[in-house]
Amino acid sequence: MSDDGPGFGVYVHWPFCAAKCPYCDFNSHVRHQPVDQPRFAAAFAREIAHMRERTGPRTVSSIFLGGGTPSLMEPKTVAAILDAIAAQWRVEPSVEITLEANPSSVEAERFRGYRSAGVNRVSLGVQALNDNDLRFLGRLHDVEEALGAIRLARSIFPRMSFDLIYARPGQTVEAWKAELEEAIGYAADHLSLYQLTVEEGTPFHALRAAGKLVEADPDLAADLYQVTQEVTAARGLPAYEISNHAKPGAESRHNLIYWRYGEYVGIGPGAHGRFIEDGRRVVTFTEKHPETWLALVEARGSGVVGGEILTRSEEADEYLLMGLRLTEGIDLDRYERLAGRPLAPQRVAMLREEGLLAPVGNSRLRATPSGVMVLDALVADLAR
């Protein structure tokens, strides 16, 4: 897949969860009454039709059902959404269709229903292989349930990934290395490994402010990141992006659309999209509150409440920020087409001398491991 054709994706946001995790700042909501799934499915179909009017004909290479907790959806809800997408755009025969699932909401019958609906990849929110840390993270499952969900997913879906969070309070390099080795033994072909970050507005943010949560210091966090790279590479799941690791050929197609700066539409409460409309890249975002979004869609066909048209300079900056997360780096010619100018040779040379950038062949540039650690500053320096 070339950088000129990263693909076209559809992201569908299911905003409901059984419980809100204390580290989560995603658009997720707990409802104590059953959600009217047929009504939401009909609204998803209307917003999909609205987006088709804006994008024109496209060929969908990836569909991602994210959340929230999409595994709280009934299989018939998933099937209705996938049918609505196929009714509006051409869908590649080899399309990647991913559904996020929590181990606590996994049922064999439901998983088989998702597979029958067309889902061919599942991403499990495991987060830890330690019961004490799972409780600390507010997860509703234990390790036994997580391993059961992994085994079930591997038996039903062609592809499976799961997430882990590291740099948890009190976690040592040795403990993380052992946990990571164990995880790789369960993994199929993909792992997403995220450093714990405390986001504003979350319960963890309040605990940190009260002195009841102490994050890993920067040196320890760097050591944990380094051992993550070493262990996964040695076990055949090298990093292809800062937090994502896969066997060659098993990378997440949907995430590559984002990082290769492709086009995608965002469907559902709080979803964002970026696609070409009338020759310019536009950004869309929808109403976050689920019931308010639902009312908007039923009234006017879409829950979109804002957006913008990006300038060439903004496109180029975003391409840098996304592309330098990838091990493959960025295409220098594509950057020049987006920005209308090349990257400043003197600045690139300086950053290479500082060990933050490295060439990939004659036409690409990537961030080094040292550059990845200061990526935001690196992008800001390059984009000047």
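A few notes on this one:
- Those residues of region 261-280 which are more than 15 Å from ARG46 (Cβ to Cβ), outside any loop (DSSP other than H, G, I, E, B) and either open to solvent by 10 Å² or more (accessible area, probe 1.4 Å) or in contact with a Gly (Cβ under 7 Å, 6 or more places away or on another chain) (or both), in sequence order: GLU263, TYR264, HIS272, GLY273, ARG274, ILE276, GLU277, ARG280
- Single condition PRO6 does not satisfy, out of (1) open to solvent by less than 40 Å² (accessible area, probe 1.4 Å); (2) closer than 15 Å to ILE267 by Cα; (3) not in a strand (DSSP E or B): (2)
- Residues in region 200-230 that are open to solvent by less than 50 Å² (accessible area, probe 1.4 Å) and assigned to a loop (DSSP other than H, G, I, E, B): THR202, LEU213, ALA216.
- Looking across region 191-237, the residues that are of a type in the set (Val, Ile, Thr) and under 12 Å from LEU180 (Cα atoms) come down to VAL227, THR228, VAL231, THR232.
- For region 36-65, a residue qualifies if it is loosely packed, with under 15 Cβ neighbours inside 10 Å and among the charged types (D, E, K, R), and the qualifying residues are ASP36, ARG39, GLU53.
- Of the residues ALA188, ALA153, ALA101, ALA178, the single one that is more than 21 Å from the chain's Cα centre (by Cα), within 21 Å of HIS245 (Cα to Cα) and of a type outside the set (Ser, Thr, Tyr) is ALA178.
- Residue among ASP163, ASP83, ASP142 that is of a type in the set (D, E, K, R) and within 21 Å of the chain's Cα centre (by Cα): ASP163
- Those residues of region 117-159 which are outside any loop (DSSP other than H, G, I, E, B), open to solvent by 20 Å² or more (accessible area, probe 1.4 Å) and among the basic types (Lys, Arg), in sequence order: ARG135, ARG151, ARG154, ARG159
- Among the residues of region 9-58, the ones that are assigned to a helix (DSSP H, G or I) and of a type outside the set (Val, Ile, Thr) come to 17 in all.
- A single entry from GLU96, GLU92 fulfils the requirement of being under 26 Å from GLU251 (Cβ atoms), part of a strand (DSSP E or B), within 22 Å of the chain's Cα centre (by Cα) and touching a residue at least 40 places away in the same chain (Cβ under 8 Å): GLU96.
- Inter-residue pairs, beta-carbon under 7 Å, first without any contact (Cβ under 8 Å) to a residue 60 or more places away in the chain and open to solvent by 40 Å² or more (accessible area, probe 1.4 Å) and in region 336-364, second of a type in the set (Val, Ile, Thr) and assigned to a strand (DSSP E or B), 6+ apart: ARG364/ILE330
The values are calculated or read from the model by the stated rules, or taken from the named source; none is laboratory data. A quick note: this is a predicted structure, and the numbers were derived from the prediction, not measured. All Cβ positions, even for glycine, are placed from backbone atoms using ideal geometry, and neighbour counts span all protein chains on display. Side chains are part of the model used for accessible areas, which takes the heavy atoms of the whole protein and leaves out ligands, DNA and RNA. Shrake-Rupley method; radii C 1.70, N 1.55, O 1.52, S 1.80 Å.
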